[in-house]
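Please read the structure below before turning to the comments.
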Amino acid sequence: MHANSLHPLARRLSALGLCLMCCMLLLLSSCESSDTSGAAYAREEEQKHEFFPEEVSYTRPSTLVEAIENPSPWVDSVFRTLSPEERIAQLIIIEAFSNQGPKYEADVMNLVTRYKVGGIIYFQGGPVRQAVLNNRLQAASKVPLLISMDAETGVGMRLDSTVQYPFQMMMGAVEDNGLIYRMGAEVAEEFKRLGMHVNFAPVADINNNSQNPIISYRAFGENKLDVTAKSLAYMRGMQENGIIAVAKHFPGHGDTDVDSHYDLPVIPHDRARLDSLELYPFRELIKHGIGGIMVAHMHMQQLDTTHNLPSTLSKPIVTSLLKNQLQFKGLVFTDAMVMKGVTKYFSPGEAEARALMAGNDVLERLNSVPKAIQAIKQAIARGDLSQEEIDRRCKKMLAAKAWVGLDRYKPVELENLYEDLNPGIADSTNHALAEAAMTLLNNRKNFLPIRQKKRQRIATLSFGVVRPSIFQREINRHARIDADFVISRKANAKEVKQIKQKLKGYDLVLVGLYGPSVTPSNRLGYSKEATAYVTELARSNRSIMTLFDNPYTLNQFPDIHKSRVLILAYQAHMHAQVAAAKLLFGKIPARGKLPVTVNRHYQYGHGISKDKPLLAVSP
């Protein structure tokens, strides 16, 4: 640590010489051991981050795995200041929200100062509020905190006023993996600007079950080679720019119809099937230096026959398979320990102790930190865990902190934070990803691009919005549109009849189909009458259909495969709506490929593609 970044007390002490400093620190330490008053706490505050060693020649490794295998001197210097209980606490990451108010933040602060937890995972809030809270928590923490976020689509997935990139299913349609690397690199810059170090992404699950309620659009698709290549691109974009990527959900959460947030999924596949499919992306990511892997809460009876045991708590899965057979040397994170997939059968405390006994390194999102620490101490006393194992994992955690730069911690700078988190390059990347993902499923008689005739009357219609959508507004930029209409997803017979009446006399209707949220969905929630009307429009020769949602939801519209034109835009992302309008009028090429099999009409890899715009565009 540089002298100008040391605490003022340390600078004054250094002026008296190294010998005097050592004496003073020893004196302070002995006083603290016999004094539990507020004065002792104040002295502890004075000592925050004062365990940085003198400048030592140390080359920061290129990967986290190398940093764990060859730790910096900082790791041992910090480790020696920690009590056995504090070493346990370093393996705990607690959740924090920056939109819950002072009382909630005081509770988080208590866990940091009293129990000295190792890290934070942030959820909803705002960037400035989070940065302010983060600076306060870091200043109060004995050891700098490892800061993480579950941000599969960038920080905009959790924070307002920030950039959100597409979900992975939409990126699964993109053939240029260089764009995904670019996105990963930009996500890394956003993380660093917010003082964060770990992103729980990419999702390396292979989604080969159309009924999957939890992975689905969060996966790159159903093909193991595609999922692997895109996961590697996303990982490299982040890790080559200093952020730890965490692949999830080991050993593969793609083929389940149960959400582990609410129950324990049971996976029946044997090891041969897992080796050939689910484990493939994880194996390749390990070979290429992934820093972290998150273990899922699933019961895999072919790998561990223990009744109702989640994979998170299974030593055969975490230690034997992941650590020994696949030789993963990075950080093993549990999935959230508050999820029903683990809490249904194991109580708070017992679950965390069992997770460490299974071989996990880091416990994420606990029901009770004190219960967990107490249960882990009891497991050590029983001999189910050894202090040596705890110490080894604590050093791994500290090595990760050193690799991300916490050995020279600096607070988040608040000035220009919004501007820095919304750079022009992010908007450019989002447009490029959206345009590359647009998937043309039907184009009968080469109807696209639309070439408006002189007296042709065109209307737009959006299902599932309350006012004309971005898609409709963009269409108006490319053509002479006579009217824009909207209709509810829950429309009754009367509302459908009214909209039919209004659309009489139009030669062409450009239809946008939306789900219940900007985020893709598993169920669109259309009424029987609205669904019937979508089917009627699809069968007509005067409608063009664009779906702004999960590809699997095409199955909720009978006969949509009969559409003259059908475009899949994957989600109601603003950039996707702009790109879809451009595609209709030939301003961009159709390049996307369907990353999953929807039904017999639309199989994996489907997509009418041309390598240039459908219509020549003059400069």
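Here are a few things to note about the model shown:
- In region 234-251 there is at least one residue matching the filter, namely being farther than 18 Å from N199 by Cβ and of a type outside the set (D, E).
- Tallying residues that are surrounded by fewer than 21 Cβ atoms within 10 Å (Cβ to Cβ) and under 21 Å from D107 (Cα atoms) within region 326-368 yields 5.
- Region 92-109: number of residues that are part of a helix (DSSP H, G or I) and touching a residue at least 40 places away in the same chain (Cβ under 8 Å): 0
- Any hit, region 298-317, residues being farther than 13 Å from F346 by Cβ and part of a strand (DSSP E or B): yes
- Any helices (runs of 4 or more DSSP H) falling wholly within region 348-425 and containing at least 1 residues that are modelled with pLDDT of 95 or more and within 25 Å of L322 (Cβ to Cβ): 350-358, 369-382, 387-403
- Residue match in region 191-207 (condition: part of a loop (DSSP other than H, G, I, E, B), polar (S, T, N, Q) and more than 11 Å from the chain's Cα centre (by Cα)): yes
- Against the list (1) part of a helix (DSSP H, G or I); (2) touching a residue at least 12 places away in the same chain (Cβ under 8 Å), the condition V332 fails is (1).
- Some residue of region 496-503 being without any contact (Cβ under 8 Å) to a residue 40 or more places away in the chain, surrounded by 16 or more Cβ atoms within 10 Å (Cβ to Cβ) and under 15 Å from A530 (Cα atoms): yes
- Every residue from region 33-51 that is at pLDDT 50 or above and closer than 26 Å to G292 by Cβ: F51
- Qualifying residue in region 52-75 (condition: at pLDDT below 55 and surrounded by 18 or more Cβ atoms within 10 Å (Cβ to Cβ)): yes
- Any hit, region 469-478, residues being farther than 25 Å from A436 by Cβ and buried (at least 18 other Cβ atoms within 10 Å of the Cβ): no
- Checked across region 154-171, the condition of being over 14 Å from the mean Cα position of the chain (by Cα) and either surrounded by 24 or more Cβ atoms within 10 Å (Cβ to Cβ) or modelled with pLDDT under 95 (or both) holds for at least one residue.
- Scope region 130-169; condition over 18 Å from K401 (Cα atoms), of a type in the set (S, T, N, Q) and in a loop (DSSP other than H, G, I, E, B); matching residues: T153, S161, T162, Q164
- Within region 110-129, restricting attention to residues that are hydroxyl-bearing (S, T, Y) and outside any strand (DSSP E or B), the residue that is nearest to Q90 (Cα to Cα) is Y115.
- Number of the exception - I588 against (1) touching a residue at least 60 places away in the same chain (Cβ under 8 Å); (2) farther than 21 Å from F167 by Cβ: (2)
- Qualifying positions in region 251-267 - acidic (D, E) and either surrounded by 24 or more Cβ atoms within 10 Å (Cβ to Cβ) or farther than 17 Å from T343 by Cβ (or both): D255, D257
- Residues being farther than 17 Å from V466 by Cα and among the aliphatic types (A, V, I, L, M) - total across region 511-533: 1
- Scanning region 269-280 turns up one or more residues that are in the same structural domain as M149 (by TED's automatic domain parsing), surrounded by fewer than 23 Cβ atoms within 10 Å (Cβ to Cβ), modelled with pLDDT under 90 and not in a helix (DSSP H, G or I).
The values are calculated or read from the model by the stated rules, or taken from the named source; none is laboratory data. In this text, all values refer to a predicted model and were calculated from it rather than measured experimentally. As a convention, Cβ positions derive from the backbone with ideal geometry for all residues, glycine included, and neighbour counts pool all protein chains shown.
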